[in-house]
Structures are given as C-alpha cells and as structure tokens.
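The values are calculated or read from the model by the stated rules, or taken from the named source; none is laboratory data. Remember, predicted model here, so these are calculated numbers, not experimental data. Glycine also receives a Cβ, built like all others from the backbone with ideal geometry; neighbour counts cover every protein chain displayed.
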Amino acid sequence: MRKTLLFFMLLSVKLTFAQVSDDFSDGNFSNNPTWLGQTTSYNVNANKQLQTTLSANAQIVSLTTSNFLALNTQWEFFVQMNFDPSASNQARIYLISDNQDLKAPLNGYFVQIGESGSTDSYDLYRQTGTTVTKIIDGATKSRVDVNLLLAKVKVTRSDAGKWELSTDITGGNNFVLEGSVTDLTHTTTDWFGVRCDYTATRSTGFIFDDFSVTALTPDVTPPTLSSAKVLDEFNVEATFSERLQLSSALMANNYNLTNLGVPTAVTATTIANVYKLTYASALPSGEYKLTVNNVKDLAGNLIASNNTATFFYVKPYTLKKSDVLISEVLSNPKTGGVDFVEIYNNTNQVLNLKELQLANADASGNAANIKNVTTTSVYMPAKTYWVLTTNPTVVKQQYDAKFPNHFVQMSSLPTFNNDMGSVILLGTTGVLERLDYNEGMHHGLLQDGDGV
C-alpha cells in the first residue's frame, strides 16, 4: 500500500497539490496528505482503513483534503458500510467542493450511497449552494448480506464535462458503468472529502480506503499570461490560462511591471486563475507591459520565459470645458470625400476618447444628433491631435495627414451643413467645446492644429 502527494505547498491550513492518493498505510490521516474536519470522529483501524468512531449521538461528520483536479480527472475509492444504508445512515463522497465544510452550502459534486430498502444504488449528484440534483441515477444493487455493503467506485470526468460513474460491488476492479452525463456547472475545486450521516447505532459502520484522484491524461501544457488590467492606481490584476501553484504564483519576484518593477505583494483572488499585484507607488497614466517568469501550473509545467501582457491605464480625470478643443472641421468635402472633425487634447492628461460625444445643434442651439466617438477605449495622449471621421482611408488619400495613426473611425457623424453650422463636443459633465463655423473658415487638414 502506498500514498503520494504531488505539487504541495502549505498556505495557512490549506495544502495545494495536483494529485491525491491515500491508503492510510501510515496509520494516520494527519500527514501526507492532511485531512481536515471532524478529526475526532474518524480513526485508522487495524486494517489501515479510514473508519468512523463511536458516537453516542446522531450526527454528520466529514473530512476533507485539498485537491484542485476538476476536469480531465479520475476518482477512485473503496467504501464499506457495516449496516443496511438508509436515508438516515448514508455516505457522501465529495469529488468536488469549493468549501472545506461539507455540511455547509457549497458548489460541487458527490457520490451518494444510502437509501431506504435492501437494494441501494450509487448515484452522482450536483450541489449548488444547498440545492442538490441527481445527475446520474445508478442501478439498484441487491446484497446477499443486507447489513454489509462494499464496493470500489470509479468516476471520470473529461475536459468536455462528460461524467462516467462505474462500480464493482465486490470491492475489486471489474467496473460496471452505472451511467454517464455531461455537466459543466462547476469546473474548479478546492477540496475532496467524505461526509457520513448516521444515527448513534451506526456510528462506527463507515469504512473508506484507497482514495485516488489523478489526471486522466498528463498535463504537459505550460501556463500563459492571458491578460493584465488595472484595478485601481495601486493594484493590477493578472489573469493566467489556468490555475497556478500558489508557491510560485504568490512570489512577487516573478512579476515585473514597466517602470514600477516588482510588486510589494501578490494575492490570490476568488477566481482560481486570477491574481492581484499590489504596488507601493501609484501608476501614472500610460501604457504598461507586465512580464512574468518562473510560475508553474498545478502539474508543475513552467511558464515560458518572459511571458508578457500589455495594458493601458488612464488615471481618473473629470473632463471640463476647454480640455478638448475642436481645431478643424470639414463639412463640405471634396467629391468622393467625407466630413471630419479634428480635436486637440489641451490637457497634460491621457484622455479616453470613449468618454466623448459629437453633436450638431438644433434650431434652439442645443446639442442634437449626438454620436459616441467610440464604444471602445482609445487613448489620447496629452497635447495631441486626433481626427474623427467615418472613413479615415479616404481622408488620408485626399489630404496630407501628419498624424496617420491619430484617426478614429466613427460609424456615423452628426449631419453638418456645408455652408454653416455648429459642432459640439460633449463629455460626461456636458459641453466641453463648441465651434460655430461657416464655409469661409476651412483650412487644410492637420496643419499642426492651426484649424478653425
């Protein structure tokens, strides 16, 4: 008999590892791996099996050990119940759980053994909070000895979420398929464990052995840095392609951010593959590159050197009048041409063009026919000119564009009369700039801001 624990790291009271195997041959469940829960309600018996201990009261007792395999996974275990199981005396083996306490609300899956009568089935359930749903209804099994149930159980789950539940009711390895189903409701886990519900007279009758949780196929794909974004001026969120070993994920020296370097702290979040990086200095507005090295996934695969993700950060800023100026308007284009409006960032801030709207004026002089400049973030560095138009290619062909990358293609512009009219630029606080034009005011495109 043997036991193995791969890829482990103790964080507080929680172990992080990618494979579980425990046959209790060492005579305990306190080490390699560590099981948590109602530890006084279990012991390792003379046959080196996990068994519930004597209780004078009816109760629910559970043990859990850390495990992060939830897809592409196989679970196996031996179970024995020295009584006729019932709704009051039953076992749940939690294959997946996001809560260490198996008596509390949780998200996961479990195999349940125990129902009324002398024929019992092996069923797979999904649990969401406190809602329990049977997803595989195994065939009923008759027993020669009503007061003895034993079985070897095997459950597999593919990456696509296909579950298969199989049993051998002799306790051997000649498995018979009980049923299959595809379910991807819960795809991550923190815990594997057992829960026993019993009356006092059945308290010592639960026995388990040969727990095994393994990957169906070895994971040889290294993790990658998927993206990075700013949470606030001191915190950056890094998202990876998969969950990482905490021992490497939380090591600050594995991260480097343009101009700010190594974070002061890295913390896990409620999302398994997302981590928060905290910096001592506030991030100024600008483009950043986060570089990550030396982190590993749960299978021990090392990330490729210098994995990077870029992002742009704009410090919160409330636009006010004259922060953005209208520097040129073309309302009467050449044949085959299109209208355009040139604007100028008159601040020392990086601005997001997503916050701007363009309009003309109605008969009363109020903003009308309002159009969003862009629905996605486009960043406008300080003291730069940008052209807003429906067809940047045509404008560049017809005019000498000194800043060809400073164009925003709008789906439509407000209607601007050829001879005279108004162009109104709005921000979140209202009108930022207004230009009333006539046809005698037009200049050539992008003449260093010397527009109307």
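Things to note:
- First in the stretch 29-53 and within 15 Å of Ser212 (Cβ to Cβ) and in a loop (DSSP other than H, G, I, E, B), second anywhere and among the hydrophobic types (A, V, I, L, M, F, W, C) and modelled with pLDDT under 95, Cβ under 9 Å, 6 or more apart: Asn32/Leu5; Asn32/Phe8; Pro33/Leu5; Pro33/Phe8; Pro33/Leu15; Pro33/Phe17; Pro33/Val20
- Qualifying residue in the stretch 47-65 (condition: closer than 24 Å to Asp297 by Cα and either touching a Lys or Arg at 6+ places or on another chain (Cβ under 8 Å) or at pLDDT 95 or above (or both)): yes
- Residues of the stretch 213-239 that are surrounded by 15 or more Cβ atoms within 10 Å (Cβ to Cβ) and closer than 14 Å to Asn72 by Cα: Val213, Thr214, Ala215, Asp219.
Each row is one residue, and each column tells you yes or no for (1) in a loop (DSSP other than H, G, I, E, B); (2) without any contact (Cβ under 8 Å) to a residue 12 or more places away in the chain; (3) more than 21 Å from Asn332 (Cα to Cα); (4) in contact with a His (Cβ under 9 Å, 6 or more places away or on another chain).
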site: Thr347; (1), (2), (3), (4): yes, no, yes, no
site: Lys354; (1), (2), (3), (4): no, no, yes, no
site: Ala359; (1), (2), (3), (4): no, no, no, no
site: Lys371; (1), (2), (3), (4): no, no, no, no
site: Thr374; (1), (2), (3), (4): yes, no, yes, no
site: Ser377; (1), (2), (3), (4): yes, no, yes, no
site: Leu388; (1), (2), (3), (4): no, no, no, no
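- Test: Thr375 is assigned by TED's automatic domain parsing to the domain that holds Leu432 and farther than 11 Å from Leu425 by Cα: yes
- From Ala139, Ala151, Ala91, residue being in the same structural domain as His186 (by TED's automatic domain parsing), small (Gly, Ala, Ser) and part of a loop (DSSP other than H, G, I, E, B): Ala139
- Residue within the stretch 264-275 that is among the polar types (S, T, N, Q), at pLDDT 95 or above and part of a strand (DSSP E or B) present: yes
- In the stretch 119-134, the residues that are closer than 22 Å to Leu150 by Cα, in contact with a Ser or Thr (Cβ under 9 Å, 6 or more places away or on another chain) and not in a loop (DSSP other than H, G, I, E, B): Asp120, Tyr122, Tyr125
- Val220 vs. criteria more than 13 Å from Ala70 (Cα to Cα), touching a residue at least 40 places away in the same chain (Cβ under 8 Å) and among the hydrophobic types (A, V, I, L, M, F, W, C): yes
- For the stretch 20-63, the tally of residues that are among the aliphatic types (A, V, I, L, M) and crowded, with 21+ Cβ neighbours inside 10 Å stands at 4.
- Across the stretch 420-431, the qualifying residues are those that are of a type in the set (A, V, I, L, M) and within 13 Å of Ile370 (Cβ to Cβ), and the one among them that is surrounded by the fewest Cβ atoms within 10 Å (Cβ to Cβ) is Val431.
- In this entry, Ile370 is excluded by the filter for residues that are β-branched (Val, Ile, Thr) and either more than 16 Å from Leu426 (Cα to Cα) or touching a Phe, Trp or Tyr at 6+ places or on another chain (Cβ under 6 Å) (or both).
- Members of the stretch 402-411 that are part of a loop (DSSP other than H, G, I, E, B) and buried (at least 17 other Cβ atoms within 10 Å of the Cβ): His406, Met410
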